[in-house]
1. Can you tell me the alpha carbon radius of gyration of the stretch 17-81 divided by the globular rule-of-thumb value 2.2 N^0.38 Å?
2. Determine, for 206, 85, the number of other Cβ atoms within 10 Å of each Cβ, and report the residues in order from fewest to most.
3. Based only on other Cβ atoms within 10 Å, what is the fewest-to-most ordering of 21, 163, 157?
4. Based on the alpha-carbon gyration tensor of the chain, what equivalent-ellipsoid semi-axes (square roots of 5 times the eigenvalues) come out, in whole Å, largest first?
5. If each residue's Cβ is checked for other Cβ atoms within 10 Å, how do 39, 178 rank with the fewest at the top?
6. What number, in percent, do you get for the relative contact order of the stretch 17-81 if the mean sequence gap of Cα pairs under 8 Å and at least 6 apart is divided by its residue count?
7. So what is the relative contact order of the stretch 165-219, in percent, for Cα pairs below 8 Å that sit 6 or more residues apart?
8. In whole angstrom, how far apart do the alpha carbon centroids of the stretch 75-107 and the stretch 15-50 sit?
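What follows is calculated from the coordinates using simple rules that are stated; it is not laboratory data. As the structure is a computational prediction, the values presented were derived from the model and not from experiment. FYI the Cβ positions are ideal-geometry reconstructions off the backbone, even for glycines, and counts take in every protein chain you see.
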């Protein structure tokens, strides 16, 4: 199986729905939009925030920038911790590390936040590297993040890329992996689900943590 593994963060390593949706709700309220059902805001988990504000609420680029600023006002010290590690994930990372796999994180979330989350929730001992987006939005496309992660690991030739897989829960993960010439494992315990991931062309799909463990470790 794959020697080099890149993990998405939101919806893959952690269930971040509460923090993200409450911060989106906070940002929308600032624009005079009230959304009481937080489940409706789960579409914001995964894709770049700026794009989602424009896509789902018709924001202009300027409004989207203001929305991101308001979102971060709450997220930086509150929403970031309204988050929890998926059951069994730390054990899986430990088993993969013991199996001499190379593990990293590739997330469209700003890297400064991803680093804080990794430290708080115990991912650091297992991850060789964390690659995220910049705060200014210039690198918040997932394909750019994955490309940067591959560059760091010097895995850039077609043969080298055959050893790499991205593990994620949204169509953006599948597309980013394929744009960079690597495979993608879609996980059903996140926010995308089977239909979204299969339609995007995920190379593998696993319903739960036990299935992911079996796929990666063969047991």
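1. Compared with the compact-globule rule of thumb, the stretch 17-81 sits at 0.97.
2. So the ranking, lowest neighbour count to highest, is 85, 206.
3. Going from sparsest to densest Cβ surroundings: 157, 163, 21.
4. Taking √(5λ) for each Cα gyration eigenvalue gives 28, 18, 16 Å.
5. Result, fewest neighbours first: 39, 178.
6. Relative contact order comes out at 45 percent.
7. Normalised by residue count, the contact order of the stretch 165-219 is 32 percent.
8. Measuring centre to centre over Cα atoms gives 23 Å.
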